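Reading through the structure tokens given below for one structure.
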Amino acid sequence: FGEGNNVVVFGEWNEIETALKQHAAQITDYVVENDRRNSGVPLLDLKYQNARIEPGAIIRDQVKIGDNAVIMMGAIINIGAEIGEKTMIDMGAVLGGRATVGKNCHIGAGTVLAGVIEPPSSAFTLFSKACTVGFVFLP
């Protein structure tokens, strides 16, 4: 993608590296950004999520996000987790694999909800509706 002297290229590194070497005489500067490499689980496709998802949230594939949920920056949500409608996952919170949070909940900043992926029959973290999880430190 691009025009004039500026282009953006997406692809596998081995193909990009080859192109950079082939055209080195014409290239004066470039920046390479690496999203992930050899990941066993891709990230969730966010295009059709009816939720507010802030930049920097890491959401793995097979996560279910309810309508009007809010996922703040730095949240990490592992495969199979479920987030209910109108629930907020605050900054830096972690939802482990298959952790389930119901609707109208607030998972506070920095909270970690343990999860379990294997074996699939194992119990997982479950919070029903209208809950707040986290702690407050008062000096």
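The values are calculated or read from the model by the stated rules, or taken from the named source; none is laboratory data. Everything quoted here is computed from the prediction, not taken from an experiment. Using ideal geometry, Cβ is built from the backbone for each residue, glycine included, and neighbour counts are taken over all protein chains shown. The protein model used for the area step is the full one, side chains on, heavy atoms only, and it has no ligands, DNA or RNA in it. Shrake-Rupley method; radii C 1.70, N 1.55, O 1.52, S 1.80 Å.
In the range 92-115, which residue that is part of a strand (DSSP E or B) and not hydrophobic (A, V, I, L, M, F, W, C) is least open to solvent (accessible area, probe 1.4 Å)? Walk me through how you get there before you give the answer.
Here is the first cut: in the range 92-115, the ones part of a strand (DSSP E or B) are 94-95, 100-101, 106-107, 112-113.
Within this subset, residues satisfying the condition of being not hydrophobic (A, V, I, L, M, F, W, C) are 100, 106.
On the way: Thr100: 22, His106: 65 Å².
Among them, the one singled out is Thr100.
Please find, among Gly108, Gly115, Gly92, Gly102, the residue that is of a type outside the set (Phe, Trp, Tyr) and at pLDDT 95 or above. So that I can check it myself, show each step before the final result.
On the way: Gly108 fails: at pLDDT 95 or above; Gly115 fails: at pLDDT 95 or above; Gly102 fails: at pLDDT 95 or above.
Matching residue, one of Gly108, Gly115, Gly92, Gly102: Gly92.
The residue pairs whose first member lies in the range 78-90 and is within 16 Å of Gly115 (Cα to Cα) and among the acidic types (Asp, Glu), whose second member is at pLDDT below 95 and open to solvent by 40 Å² or more (accessible area, probe 1.4 Å), and whose beta carbons are closer than 8 Å, counting only pairs six or more residues apart or on different chains, are Glu82/Arg98. Criterion applied to Ile58, Ile77, Ile89, Ile53 was being of a type in the set (Val, Ile, Thr), more than 15 Å from Val133 (Cα to Cα) and open to solvent by less than 30 Å² (accessible area, probe 1.4 Å), and the one residue passing it is Ile77.
Among (1) open to solvent by less than 80 Å² (accessible area, probe 1.4 Å); (2) under 23 Å from Val9 (Cα atoms), where does Arg36 come up short? Looking at each condition in turn, Arg36 falls short on (1). Count of the range 13-72 residues, restricted to those that are touching a residue at least 12 places away in the same chain (Cβ under 8 Å), among the hydrophobic types (A, V, I, L, M, F, W, C) and in a loop (DSSP other than H, G, I, E, B), is 9.
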